[in-house]
There are 2 protein chains.
Amino acid sequence: MIVTVTPNPALDLTYHVDAWRAGASLRVEAPVCRAGGKGLNVARVLAQTGLLATAVTTVGGAAGAVLRRDLEESGLPHRLVPVHGATRTSVAVVDLAGGETTIMNERGSWLSHAERRALFDAATGSLSGAACLVGSGSLPPGVPAAFYADLVRSAHDAGVPAVIDAVGDGLLAAAEAGADLVKPNRAELEESTGCPDPAAGARRLISAGARIVLVSLGADGMMAVTRERGLVARFVRVLDGNPTGAGDAAVAAAASCLARGEDDPGVILRRATAWSAAAVPVPYAGELCADYRDFEHLVSLREGTRECP
Amino acid sequence: MIVTVTPNPALDLTYHVDAWRAGASLRVEAPVCRAGGKGLNVARVLAQTGLLATAVTTVGGAAGAVLRRDLEESGLPHRLVPVHGATRTSVAVVDLAGGETTIMNERGSWLSHAERRALFDAATGSLSGAACLVGSGSLPPGVPAAFYADLVRSAHDAGVPAVIDAVGDGLLAAAEAGADLVKPNRAELEESTGCPDPAAGARRLISAGARIVLVSLGADGMMAVTRERGLVARFVRVLDGNPTGAGDAAVAAAASCLARGEDDPGVILRRATAWSAAAVPVPYAGELCADYRDFEHLVSLREGTRECP
């Protein structure tokens, strides 16, 4: 079983507009409404691929009630910590004319000390028998940067590998705590390490203590760096679709490898690149296209950390 | 007491973005969340001006629960009809850089025959002792165009004047039923009557049976037409702000006049123009600026239906 921890979940509302026109009153259909947040997306992808995953997160307010119902209806195993502040809402606007998706992300409601503690305890309480722990996404106000690092230490105390998808101080602290894998994208890595070059940034996180750094490079593919090796992968086809959730699919792929004791960065990188690509044709985060298994054959991989031309 | 009927309410979420960038992931604060819908805005304005108003509307689903709580907390008298379909959500995006507000309006959930009947009965059951009835806003799927016309007839049977703010067949049917006042804006009037000229469109509604037609002309002011007279008014100052809800303020002004037996179109037009202007400096619909009473002195009025130059 894989445990995913989402400290800052969101109710995801996706609106489709024929054409966004600033200042207009646009007629839209009711939005697609889904429990969201990075760790929840990771758990959904794992469930789709046949792996048992439990989503640990918080719920509060009206949006939290909808999130809880969506999780119950989806059948995804979950452990919810009730909190006072309202679960945030993320609004995505898909412009059918322009083809872009614009997202409005709230920071999330404050967690009290007791609520943060309850979330931490719910996560560590799920570690018994777990094969991997995933901590994913932003930290809401009131949750210190050490939150993920503390989770990594608790996972290791329980003999469970830990994957962290975070940014800034939360990412650095997780690396220092010896996270088995961290997965920033290029911008997050630069923001966190100050290195514009992803290979140099990844090496900083390795020096800090991370075992594997997976860097998603958008259309340029993905990079994996360990103390000994560096590899770059590309998906060989160009895909149309919605890249939202592609990073979560990569995290799910990495967790699925570590959960079965597979820590070869080449194997992890191939699967992460494949699943990430398989998330693009699907309009919503947390889901791969049906033929995702075939995608691992469509990944080109090479040693070295120079990006592909 | 004035009764406002809102067949298609909405939970209004207002987001503020520093600058809308298509395709970007934008960090936003939690939205301002309010019970919305035109008739609710009318009732709020009436309450602000010291008049007793009861809002009759439907509630369903999670957004409906939030709308109910907001109404309860606001102290606005209300009569809520529970329905199966979820209350729609209206998302407004205020672009602080561009200055525009873009709104995404859902059509609303289907009302069953029994739910439509229950709403109608809640409205007519509030007519005893009422001084005016207001029917305002779009009709959700499942509610026929005759809904407002039937309300007008029931109001007249009870000796209560009726104001209808609607569009298309709903507006035409209300005029034919002898509505005491209808308030389309220029685009709605053209859509409903096929007349690009607002004076000609207003006369069509008068011929159909409406007693007073109030046409909001945006920055060009407002027009009032009866069988005998036509008048045009302008607010003499240019106002910065958010015109959302200005039309609802005009409806509230008209209802406040009819409720005290005042049906002089000049008096109504002056107040409607003033309150409409007083809604612009306020960022949210359903509220006038504090000095709204002074605004009636800032309205220039003249006979005739030629628009001001």
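The values are calculated or read from the model by the stated rules, or taken from the named source; none is laboratory data. As the structure is a computational prediction, the values presented were derived from the model and not from experiment. A quick note on method: Cβ atoms are made from the backbone with ideal geometry, for glycine too, and the neighbour counts reach across all protein chains shown. Remember, those area values only see protein heavy atoms, side chains included, never the ligands or the DNA or RNA. Shrake-Rupley method; radii C 1.70, N 1.55, O 1.52, S 1.80 Å.
Computed values, structure above
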quantity	calculated
Filtered residue count, the range A:139-166, keeping only those that are open to solvent by 40 Å² or more (accessible area, probe 1.4 Å) and touching a Lys or Arg at 6+ places or on another chain (Cβ under 9 Å)	1
Lone qualifier among A:Thr244, A:Thr273 - being open to solvent by 30 Å² or more (accessible area, probe 1.4 Å) and either touching a residue at least 24 places away in the same chain (Cβ under 8 Å) or within 18 Å of the chain's Cα centre (by Cα) (or both)	A:Thr244
Among (1) within 30 Å of B:Cys33 (Cα to Cα); (2) in a helix (DSSP H, G or I); (3) open to solvent by 10 Å² or more (accessible area, probe 1.4 Å), the one test that B:Pro283 misses	(2)
Matching residues in the range A:161-189 - criterion: being assigned to a loop (DSSP other than H, G, I, E, B) and without any contact (Cβ under 8 Å) to a residue 60 or more places away in the chain	A:Ala166, A:Val167, A:Gly168, A:Ala177, A:Gly178, A:Ala179, A:Pro184
Leading residue by the ranking (most open to solvent (accessible area, probe 1.4 Å)) among those in the range A:208-227 that are farther than 15 Å from A:Val251 by Cα and modelled with pLDDT under 95	A:Ala219
Candidates B:Gly39, B:Gly60, filtered to the one that is within 14 Å of chain A (Cβ to nearest Cβ) and open to solvent by less than 10 Å² (accessible area, probe 1.4 Å)	B:Gly60
Residues within the range A:95-114 that are in contact with a Phe, Trp or Tyr (Cβ under 8 Å, 6 or more places away or on another chain), assigned to a loop (DSSP other than H, G, I, E, B) and facing chain B (nearest Cβ under 7 Å), tallied	1
Count of the range B:47-57 residues which are touching a residue at least 12 places away in the same chain (Cβ under 8 Å) and either within 14 Å of another protein chain (Cβ to nearest Cβ) or surrounded by fewer than 24 Cβ atoms within 10 Å (Cβ to Cβ) (or both)	6
Residues being of a type in the set (Asp, Glu) and surrounded by fewer than 21 Cβ atoms within 10 Å (Cβ to Cβ) - total across the range B:12-36	2
B:Arg204, sole failed condition from (1) part of a loop (DSSP other than H, G, I, E, B); (2) more than 21 Å from B:Gly39 (Cα to Cα)	(1)
Candidates B:Arg44, B:Arg79, B:Arg68 - the one that is open to solvent by 10 Å² or more (accessible area, probe 1.4 Å) and within 13 Å of chain A (Cβ to nearest Cβ)	B:Arg68
Breaking point among (1) surrounded by fewer than 22 Cβ atoms within 10 Å (Cβ to Cβ); (2) within 11 Å of chain B (Cβ to nearest Cβ), for A:Arg88	(1)
Sole residue being in a helix (DSSP H, G or I) and among the aliphatic types (A, V, I, L, M), chosen from A:Leu119, A:Leu139, A:Leu127, A:Leu214	A:Leu119
Scan of the range A:91-107 for residues that are under 30 Å from A:Pro161 (Cα atoms) and either open to solvent by 60 Å² or more (accessible area, probe 1.4 Å) or at pLDDT 95 or above (or both), ordered by number	A:Arg107
